[in-house]
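The values are calculated or read from the model by the stated rules, or taken from the named source; none is laboratory data. All values derive from a computational prediction rather than experimental measurement. Glycine gets a Cβ as well: all are built from the backbone with ideal geometry, and neighbour counts include every protein chain shown. Side chains are part of the model used for accessible areas, which takes the heavy atoms of the whole protein and leaves out ligands, DNA and RNA. Shrake-Rupley method; radii C 1.70, N 1.55, O 1.52, S 1.80 Å.
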Amino acid sequence: MKKWKKISLFVCVFAFVREFRPIEPFYAAYMTSPAINITLTQTSRDVYAVGAYSCFLLIIIVFLITDYLKYKPVLIMDGICGVMAYCSIVGHPSLLRMQIGQVFYGFFFSSEVAYFGYLYAMTDNKRYYQRITGQARAACLSGKFFSSLFAQLVSLVNGSVPYVELVYISIFGMFFSIIWAYFMPNVTNSVYFHNEKSEPTDELPPPVTNYTSSTGEPKTTEDIESHQPKTKITKDIDKNYSKSLGQVLLYLHKDFKRSYSDPYVRKLCLWWAFAFGAYVQVYTYINVLYTYVLDLNEDTHFTLYNGAAESLNTLIGIGSLLAGIVLLGCFYTRTLWFIYAFYIIYGCLYQTMLTVAESEVAKRLSRDSYGLVFGFNSFIALFLHTLMTYGIVQGHIISVSTIQQFLIYAVYYMSIGAVFLIFSINNYFSSAATDSIIECKQ
């Protein structure tokens with residue numbers, strides 16, 4: 001087996017097992033069940049909020065220590081933090097214990113950048129980056145699908161949701177990810193701290209903005225590099241050379257400027273960060289909405305299908321203005337079946353658009369910039385997630401109910417869709433005007 005395929009297999013198995021956490025679709029219901037017995041408001045404002053703040057504070061730290069420790073130790077720590085997060089809700093935990101567990105969950109959530117970084121660091125041939133990124137993303141979504149489906153099937157067979165058993169199975173999944181990470185190949189080089197091949201100098205390649213093919217389409221990184229003048233941008237360094245923090249920060253700064261010098265990349269990354277930030281918010285609080293509506297209807301005999309909704313959400317894909325309209329449906333309806341349907345449609349729209357954005361950005365990036373751009377976009381997304389948690393969920397800016405939160409998310413998505421629709425219309429007319437001028441000159 002070729003090395004890149006072997007590495008992709010290791011990472012895909014890790015990503016799949018990492019996402020096998022069957023308690024997730026029923027987390028809010030478990031919090032308000034007799035086993036834990038806290039209110040839905042406490043779940044939103046006192047438990048989930050701690051996780052949101054932890055994710056935001058830890059993602060930059062995780063990004064830097066991941067590169068410094070050469071990825072694998074962070075993958076092992078990722079699994080350990082997952083175990084700690086779910087162990088914190090076993091038995092009859094206090095609120096403080098659950099909040100500490102959310103801090104561990106913050107590290108766990110932020111560490112997604114670690115296995116993508118590992119993937120890129122272990123793959124020498126950069127032309128496989130897009131393929132292995134797609135494979136890792138597919139493994140991640142498959143893990144969510146089978147995890148949620150398993151939880152739903154167990155609930156149907158059992159006649160009720162076996163919360164405690166699902167927690168223990170989630171812990172087992174995290175434990176298996178630790179074992180798997182331990183046997184993954186070691187990384188010899190990282191992108192920033194331990195790069196034995198090269199380091200950037202002040203001479204950077206020109207921005208890729210104006211490079212187009214004969215058909216007018218943007219060229220890929222490989223096409224651009226083959227037509228660029230052979231500018232020397234690297235210098236040899238000792239094999240065991242490790243960069244200082246100052247050198248790494250300089251490298252990051254230059255890499256950042258080079259990556260975001262392309263307006264096309266900036267536009268896609270803007271959508272990516274804003275949409276992902278809202279997606280994390282919706283994904284976190286959709287289970288709260290399920291429980292809220294169930295309590296509102298006082299239907300104690302309704303069988304929860306949270307797992308089925310979550311599994312279909314991760315599989316189906318198609319198209320971003322519509323996402324706001326769908327979330328608007330979650331605000332207006334009080335029927336749980338409709339909310340399930342709206343969430344599934346929303347998930348398919350988001351996952352499709354994210355896949356397109358990731359693919360397009362990947363084609364335009366410099367070869368060592370994938371991890372940086374993916375990490376920075378996630379940082380902006382988690383900043384927005386934290387801001388919405390602080391201002392909306394905890395009510396420090398505006399105090400709203402759980403259902404009213406989804407009205408805000410709907411307006412948020414429709415605003416993003418409107419802005420990018422305006423961008424598209426403007427680009428269309430600008431291109432048409434340019435073509436007319438060229439024809440007149442000819």
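Once you have a ≥ b ≥ c as the square roots of the Cα gyration tensor eigenvalues for segment 245-289, tell me rounded if a/c is under 1.5, and otherwise prolate or oblate according to whether a/b is larger than b/c.
On the way: a/c = 8.45, a/b = 1.97, b/c = 4.28.
Oblate shape, in that a/c is at least 1.5 and b/c is the bigger or equal ratio.
For segment 385-427, what class follows from the C-alpha gyration tensor (a ≥ b ≥ c being the square roots of its eigenvalues): rounded when a/c is under 1.5, otherwise prolate if a/b is larger than b/c, else oblate? Present the calculation step by step, with values, prior to reporting the outcome.
Values: a/c = 4.47, a/b = 2.59, b/c = 1.73.
Judged from the Cα gyration tensor, segment 385-427 comes out prolate (a/c at least 1.5, a/b above b/c).
First compute the accessible area of segment 370-414 with a 1.4 Å probe, then give the percent of it belonging to carbon and sulfur atoms. Don't skip to the answer; put the middle values down first.
On the way: 1150 of 1600 Å².
Carbon plus sulfur share of accessible area: 72 percent.
To the nearest 10, the accessible area of residue 137 is 50 Å² with a 1.4 Å probe. Per residue, segment 92-173 exposes 42 Å² of solvent-accessible protein surface, assessed with a 1.4 angstrom probe and all protein chains in place.
Along segment 103-114 the Karplus relation, 6.51 cos²θ - 1.76 cosθ + 1.60 evaluated at θ = phi - 60°, assigns HN-Hα couplings of 5, 4, 5, x, 5, 4, 5, 5, 7, 4, 5, 5 Hz to successive residues, with x for each Gly and Pro. Highest mean packing comes first when the peptides 251-258, 187-194, 339-346 are listed by Cβ atoms within 10 Å, giving 339-346, 187-194, 251-258. To the nearest 10, the accessible area of residue 337 is 140 Å² with a 1.4 Å probe. For segment 103-182, the fraction of 1.4 Å probe accessible surface lying on carbon and sulfur atoms is 69 percent. Other residues with beta-carbon under 15 Å from the beta-carbon of residue 111 carry, at +1 per Lys or Arg and -1 per Asp or Glu, a net charge of 0.
Where the convex hull is taken over the Cα atoms of segment 61-147, what is its projected area averaged over directions, in nm²? Walk me through the intermediate numbers first.
Details: hull surface 26.5 nm².
Dividing the Cα hull surface by four gives the mean projection, 6.6 nm².
For residue 187, the residues whose modelled amide H falls within less than 5 Å of its own, excluding neighbours fewer than 5 places apart on the same chain, are 72.
Using the eigenvalues of the Cα gyration tensor, what equivalent ellipsoid semi-axes result for segment 99-176 when each is taken as the square root of five times the eigenvalue, whole Å, largest first?
Working: eigenvalues 194, 61, 14 Å².
Value: 31, 17, 8 Å, ordered largest first.
Among the listed pairs 70/144; 126/267; 70/267, those whose Cα-Cα separation exceeds 25 Å are 70/144; 70/267. Evaluated at q = 0.18, 0.19, 0.22 Å⁻¹, the base-10 log of the normalised Debye intensity for segment 27-90, with identical point scatterers placed on the Cα atoms, takes the values -0.77, -0.82, -0.95.
Give, in whole angstrom and from largest to smallest, the semi-axes √(5λ) of the equivalent ellipsoid of segment 1-117, with λ running over the eigenvalues of the Cα gyration tensor.
Numbers: eigenvalues 179, 51, 21 Å².
Semi-axes (√(5λ), whole Å): 30, 16, 10.
Within the assembled protein chains, the solvent-accessible surface assigned to residue 360 is about 40 Å², based on a 1.4 Å probe.
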